[in-house]
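Enquirer: Please see the structure below; I have some questions.
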Amino acid sequence: MTSSLVQRLASGAPLGDPPAVVDVHGSAPPNPPEQLQVQFVGLSFEEAYAEAEAFVTAVAEELRACGHPGLRGSRVLDFGCGWGRISRLLLSEVPPQQLFAVDVDGEMTALVNVSLPGINAMTVPVTPPTVLRDASMDVVVAFSVFSHLSRAAHEAWARELARVVRPGGIVAITVLGEEFIDLVEGAQQLVRRGAADDFAASMATVFADVPAARAGFRADRLQFGATGGGGVRTEDYYGWAAVPRRFVERVWGDNGMEVVRWRPSGELFSQGLVVLVRSGDDAAARAVRRARRAVRHRAEVAVERLRRRAPAPLVAVARRFRGAPGTGTGTADQL
Ligand SMILES: C[S@@+](CC[C@H](N)C(=O)[O-])C[C@H]1O[C@@H](n2cnc3c(N)ncnc32)[C@H](O)[C@@H]1O
């Protein structure tokens, strides 16, 4: 007599042929419902993919500039993959078996495994470590993930991603800068004038004390608004983060990663692109990196001061900042 579980399993419907491994050159993988796309990235269909393409293209260019062999032939980790739009674009270069997509949201990794059969999608804990081996990845990308993480989560995941990328390998992340604090301030002004829509009303709550957030940002401290983002994205680690360059340089630098490119928000897409290279770990290399960072920082602070003398009007900034995780609007998280 077999168990009821064995009998239930044996009675399952026949599956038919196993799904074919995804090939984006041959046909388009199925898309998730529009509402789900918007919920995670604030955009859908062509707009969502165009942003993903701009990111993946920029990463490929940076790889070339660093003398890296490129995406083709690399093992690539899509950290915080969501419903998989970045992975879809990566698949134009990266063979599915070389692509690893991870997220804290098990529903998203299940969706990615079903819609992009053949890639390696995996659910990771909110706090590292992952099961990925040391130096097992050539390239790690994280679009619109570090723009949402608390300071502690940012530090922990910087350490983990630096561990899994190989020496000479690259990590490309996106972040929000001080323009995000401008956005929150503008939203608060709209609320005071009674002119706020749902988006502005939700953004207005991100930082209770905007002057303090601005001062903290300018003192190189990450500014985190603990809104949460729904589901497993709880407010203890997830919300909105404005991330100063020096914070990134220090935290990632302490883990053997050097910033080789910083393209500010609005240049390529609504978030800034940061490219880091994993270098050697010896003390001399660290000291040289620290000295180079100090010189570069002084030059860049001067440039940034000039740039910020002509801030974009709120409405133009807001257009780039659709979506808000856990803001009560039930809409998107694009940043
Ligand atoms: C704004 S969405 C961006 C999704 C995707 N990168 C894109 O651009 O289409 C942020 C994603 O990061 C995931 N995430 C948040 N914290 C994470 C963590 N600690 N580890 C892995 N994924 C995380 C979220 O669940 C969500 O899917």
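The values are calculated or read from the model by the stated rules, or taken from the named source; none is laboratory data. Small disclaimer: the values here were computed from a predicted structure and weren't measured. Reconstructed Cβ throughout: ideal geometry from the backbone, glycine too, with neighbour counts over all protein chains shown.
Enquirer: Residues that are touching a strand residue (DSSP E or B) at 6+ places or on another chain (Cβ under 6 Å), touching a residue at least 12 places away in the same chain (Cβ under 8 Å) and within 12 Å of the ligand (Cβ to nearest atom): does segment 242-257 have at least one?
Expert: So far as segment 242-257 goes, no, none of its residues is touching a strand residue (DSSP E or B) at 6+ places or on another chain (Cβ under 6 Å), touching a residue at least 12 places away in the same chain (Cβ under 8 Å) and within 12 Å of the ligand (Cβ to nearest atom).
Enquirer: Mind listing whichever residues of segment 10-45 are under 30 Å from V232 (Cα atoms) and either aromatic (F, W, Y) or assigned to a helix (DSSP H, G or I) (or both)?
Expert: E34, Q35, L36, Q37, V38, Q39, F40, V41, F45
Enquirer: Going through A110, A121, A101, A135 one at a time, which residue ends up being away from the ligand (no atom under 13 Å from the Cβ) and aliphatic (A, V, I, L, M)?
Expert: Selected residue: A135, the only one of A110, A121, A101, A135 that is away from the ligand (no atom under 13 Å from the Cβ) and aliphatic (A, V, I, L, M).
Enquirer: Please list, ordered by first then second residue, the pairs with beta carbon atoms under 9 Å, 6 or more apart or interchain, first in segment 80-99 and in contact (Cβ under 8 Å) with a residue 60 or more places away in the chain and closer than 15 Å to P117 by Cβ, second within 14 Å of the ligand (Cβ to nearest atom) and assigned to a helix (DSSP H, G or I).
Expert: Within 9 Å, the pairs are R88/Y49; R88/A52; R88/S115.
Enquirer: Which residues, counting only those in segment 23-44, are away from the ligand (no atom under 13 Å from the Cβ) and either under 28 Å from S270 (Cβ atoms) or at pLDDT below 95 (or both)?
Expert: V24, G26, S27, A28, P29, P30, P33, E34, Q35
Enquirer: Oh, and also: Quick one: L190 ticks every box in (1) part of a helix (DSSP H, G or I); (2) surrounded by fewer than 16 Cβ atoms within 10 Å (Cβ to Cβ) except a single one, so which number is it?
Expert: (2)
Enquirer: Which of the residues that make up segment 63-84 are within 25 Å of P18 (Cβ to Cβ), out of contact with any Phe, Trp or Tyr (no Cβ under 6 Å at 6 or more places or on another chain) and within 9 Å of the ligand (Cβ to nearest atom)?
Expert: Narrowing segment 63-84 to residues within 25 Å of P18 (Cβ to Cβ): 75-76, 78, 81, 83-84.
Restricting the remaining residues to those that are out of contact with any Phe, Trp or Tyr (no Cβ under 6 Å at 6 or more places or on another chain) gives 75-76, 78, 81, 84.
Across segment 63-84, the qualifying residues are D78, C81, G84.
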